[in-house]
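Q: The structure is given below, and queries will be raised subsequently.
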Amino acid sequence: ADAQKEESEMEISLKQAGEARKAQSKEFQTSVMDQRATINILSKAQARLTAYYNTKAGAFLQQPQKPSFNSYEKSGGAGGVLQLLQKVITEAEIAEKEIVTSNQKAQSDYAEFVQDTSDSIQATRDAISEKQGQLAQADSEKSETQGGQLSNEEELAKLSDLLKAHHLDCDYVVK
């Protein structure tokens, strides 16, 4: 009974793990599609901006004037819009690779769990089958023993009757 309960619990946990993995897979697919869409859109935007700035760069450049304050210098840590877009694209590509890697790990963990659980379920089923075989063997031996006892009791009853008959014959002769 305990082994059967354990087997059913393992089957339930296996089913729950399958449902959880299905949800994880769906989330993975959505995340990867989002990252790829982000990369695609930002790459197109970057290409258009690059083409635009390269062809009309002169129109956007201002002629330096002599201001009364210190001259304008680009901040050393700041980058342009194109550099910012490239950084976001690179981060999206890294995030996509991390998502793919984590999904592969989750898939391999799930496959290992399924294999281990299936092995445990099979071992439990084998144990149940073996115990049922032992129980059947014990029942068979019990039936044989009970049959032997009945046979012995009948034989004893016959011998007891025979003994009584001899006693009656002997007692008649003695009297």
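The values are calculated or read from the model by the stated rules, or taken from the named source; none is laboratory data. In this text the structure is predicted, and so the values were computed from the model without any measurement. With ideal geometry, Cβ positions are generated from the backbone for all residues, glycine too; neighbour counts draw on all protein chains shown. Note: accessible area is taken over every heavy atom of the protein model, side chains too, but ligands, DNA and RNA are not part of it. Shrake-Rupley method; radii C 1.70, N 1.55, O 1.52, S 1.80 Å.
Q: At pLDDT 90 or above and of a type in the set (A, V, I, L, M, F, W, C), is that true of residue 81? First the steps, then the outcome.
A: Numbers: at pLDDT 90 or above: no; of a type in the set (A, V, I, L, M, F, W, C): yes.
No: the conditions fail for residue 81.
Q: Can you pull out every residue in the range 1-58 that is more than 30 Å from residue 103 (Cα to Cα) and among the hydroxyl-bearing types (Ser, Thr, Tyr)?
A: Passing the criteria: 50, 52, 53, 55.
Q: Give the residues of the range 131-172 that are open to solvent by 90 Å² or more (accessible area, probe 1.4 Å) and either acidic (Asp, Glu) or within 30 Å of residue 8 (Cα to Cα) (or both), sorted by residue number.
A: 131, 132, 134, 135, 137, 141, 144, 153, 154, 155, 161, 169
Q: What residue, of 15, 26, is among the basic types (Lys, Arg), open to solvent by 80 Å² or more (accessible area, probe 1.4 Å), farther than 30 Å from residue 93 by Cβ and modelled with pLDDT of 90 or more? Steps first, please.
A: Details: 26 fails: farther than 30 Å from residue 93 by Cβ.
So the residue among 15, 26 that is among the basic types (Lys, Arg), open to solvent by 80 Å² or more (accessible area, probe 1.4 Å), farther than 30 Å from residue 93 by Cβ and modelled with pLDDT of 90 or more is 15.
Q: Further question: Could you please let me know if residue 128 is hydrophobic (A, V, I, L, M, F, W, C), more than 30 Å from residue 6 (Cβ to Cβ) and either at pLDDT 95 or above or surrounded by 10 or more Cβ atoms within 10 Å (Cβ to Cβ) (or both)? Steps first, answer last, please.
A: Numbers: hydrophobic (A, V, I, L, M, F, W, C): yes; more than 30 Å from residue 6 (Cβ to Cβ): no; either at pLDDT 95 or above or surrounded by 10 or more Cβ atoms within 10 Å (Cβ to Cβ) (or both): yes.
No; evaluated as a whole, the condition is false for this residue.
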